[in-house]
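Data block below; observations after.
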Amino acid sequence: MSNFREKIHSKELIATFDDVLILPGFTNFSPAEVNISSNLGKYHLNLPIMSSAMDTVTEELMAINMALHGGLGVMHRNCSYERQLEMVRIVKRARSFVIDDEHVATISPKEGVAKAKFMMENYNISGIVVVNEDKKVCGIFTKRDIPFFQQDIQNGTIKDYMTTDVISIKPGASRKEALKILYESRKEKLPIIDNNGYLKGLITKKDLAPEFPLATKDEEGHLLCALAISPRFPESSQAQNMLKEIEKYVDIFFIDVADFFKKDDIEGTVKLMKFLESDFVLGNIGTYQAAEYLISKCDFVEERVIGLKVGMGSGSICTTSIQTGVGAPTLFATAQVADAIQDYNKKLSLIADGGFTKPGDLPKAFAAGADLIMSGHFFAGTEESPGYIDTIAGRKVKVYRGMGSKEARTFGYISDRYIEGSKMLTEGVSNYVPYVGDVARVLATLKEGLSNGMIYAGAKSIKNMKDAQLGIVSVVGQRETQPHDLIGKF
Ligand code: IMP
């Protein structure tokens, strides 16, 4: 090779968010018509926003809240399999309209009414399923079964007061069927009873109400659950068994490495996909060539690869590019991989990951071809992120750290996220971010920035946003996009 001058001079610009602006487009719709929903494979998200798989960003609380508001939180893997199992279980069981059998409060018909009253007051429930010695349902006892003129009964037994004519529903019934029976019977609770009379769960009218109408759910109405995973196939059978157990609660595994364009990681993932049955998102990658290779030259279980995650070196806590000289900033990587997806497999969803600092960065990512965006920075300072609120110089803060930082690596679970065997070189930092309150508030601001950006760009949907025009801004122009020529500091 002798063309080193060309290597430097005739290359395309590695542009990122601040380098570009979206050109205004013709808007022929009203603000109410803007639709910011998007798809991740077969899953529909009302909000195209995800929180990063990082140990100071997404554990069960964040995952539940992101999903309730229509997005998705990908839980991190910097912990034991036992802890991962606990997290995914909590997310999968949260707020579904069905309460699983082991969580339903039950009582024996021989117990006293006083015990039922105690349970109702202490568990804050209005009714209890009555189950006999064979564990079969024989009645239901609610507050209404206590005669109003006898509220002080202390010595009565449940069997004398319970309702034996139990209106119930069969396992696997839909939300619609449950709503119909609840309405027709004017009941508040519907035990799920199988053909043999055993209790399988409980549906309550309260839980059926769509308090979070935008929530991201699976087909059964449970919250969608996503977890980061190493591309390395676990060696011990004990670890393999744990992974199988974890998988029961996980819809989507996110391969979690800084650079996925590596033979060993690809081979490990192929093996993992054959062992597991959930869907997979692969990443991160940063170039057209990497996407082309993954889509057309690898042996993944094709229908279960639902997305590619892109961006390398852009994260606000990331030092990969400083430490190694390599990077593919998120906007650049998005455009690169979007083209490969257009050329090879239009069904794949594209996630632009990291580097977002302002609401206005979101529409730019969609204009560059993304279907969804992922951020750690926006969410690390929220109430729902793991960790405590600290105070520095009178300001509330929370810790935010890169998974490649010294602090995160000491846990020892993610050595394979970067270059295996590399011990000295950190690729991330740990620092503080301002405490910003509830994640719902942050999401509301992002949502508005995105919708308003789409209105200016003339795009009614995320899909239309891909047709929006982008232009490079000069350095002077970049200065002008900031507030300027004012008195005082900003
Ligand atoms: P941010 O939202 O700009 O802070 O970027 C978050 C993204 O940075 C994550 O979703 C990861 O893809 C990536 N990331 C997380 N930890 C590190 C690190 O230590 N070094 C480099 N990138 C990281």
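The values are calculated or read from the model by the stated rules, or taken from the named source; none is laboratory data. These numbers were taken from a predicted model, which means no experiment stands behind them. Cβ coordinates were reconstructed from backbone atoms using ideal geometry, including for glycine residues, and neighbour counts include every protein chain displayed. We work out accessible area using only protein heavy atoms, side chains counted, and drop any ligands, DNA or RNA first. Shrake-Rupley method; radii C 1.70, N 1.55, O 1.52, S 1.80 Å.
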Exercise for the section: Kindly state which strands (runs of 3 or more DSSP E) lie completely within segment 199-276 and contain at least 2 residues that are on the phi < 0 side of the Ramachandran plot, open to solvent by less than 20 Å² (accessible area, probe 1.4 Å) and of a type in the set (Val, Ile, Thr). Expected result: 199-204, 252-255
Exercise for the section: Specify the residue that is nearest to Ala468 (Cα to Cα); the eligible residues are those in segment 365-407 that are hydroxyl-bearing (Ser, Thr, Tyr) and in a loop (DSSP other than H, G, I, E, B). Expected result: Ser385
Handout entry: Ile295 being within 15 Å of Lys262 (Cα to Cα), in contact with a Leu (Cβ under 8 Å, 6 or more places away or on another chain) and open to solvent by less than 10 Å² (accessible area, probe 1.4 Å)
Key = no
Fill in the blank from the handout: Every listed condition ((1) away from the ligand (no atom under 14 Å from the Cβ); (2) free of Cβ contacts under 8 Å to residues at least 24 places away in the same chain) holds for Glu383 save (2)
Exercise for the section: Would you check if Leu85 is assigned to a helix (DSSP H, G or I), open to solvent by 10 Å² or more (accessible area, probe 1.4 Å) and away from the ligand (no atom under 16 Å from the Cβ)? Expected result: yes
Exercise for the section: Filter segment 452-466 down to the residues that are surrounded by fewer than 18 Cβ atoms within 10 Å (Cβ to Cβ) and of a type outside the set (D, E, K, R), then identify the one that is nearest to Leu21 (Cα to Cα). Expected result: Tyr456
Practice task
Scan segment 203-226 and report the pairs whose first residue is within 22 Å of Glu102 (Cα to Cα) and free of Cβ contacts under 8 Å to residues at least 24 places away in the same chain and whose second residue is open to solvent by 10 Å² or more (accessible area, probe 1.4 Å) and charged (D, E, K, R), with Cβ atoms within less than 6 Å and a gap of 6+ or a chain change.
Solution key: Lys205/Glu188
Completion exercise
Subset of segment 331-387, residues charged (D, E, K, R), surrounded by 23 or more Cβ atoms within 10 Å (Cβ to Cβ) and more than 19 Å from Leu13 (Cα to Cα), comes to Asp353, Asp371
Handout entry: Selected residue (criterion: most open to solvent (accessible area, probe 1.4 Å)) from residues of segment 408-441 that are within 12 Å of the ligand (Cβ to nearest atom) and not in a loop (DSSP other than H, G, I, E, B)
Key = Asn431
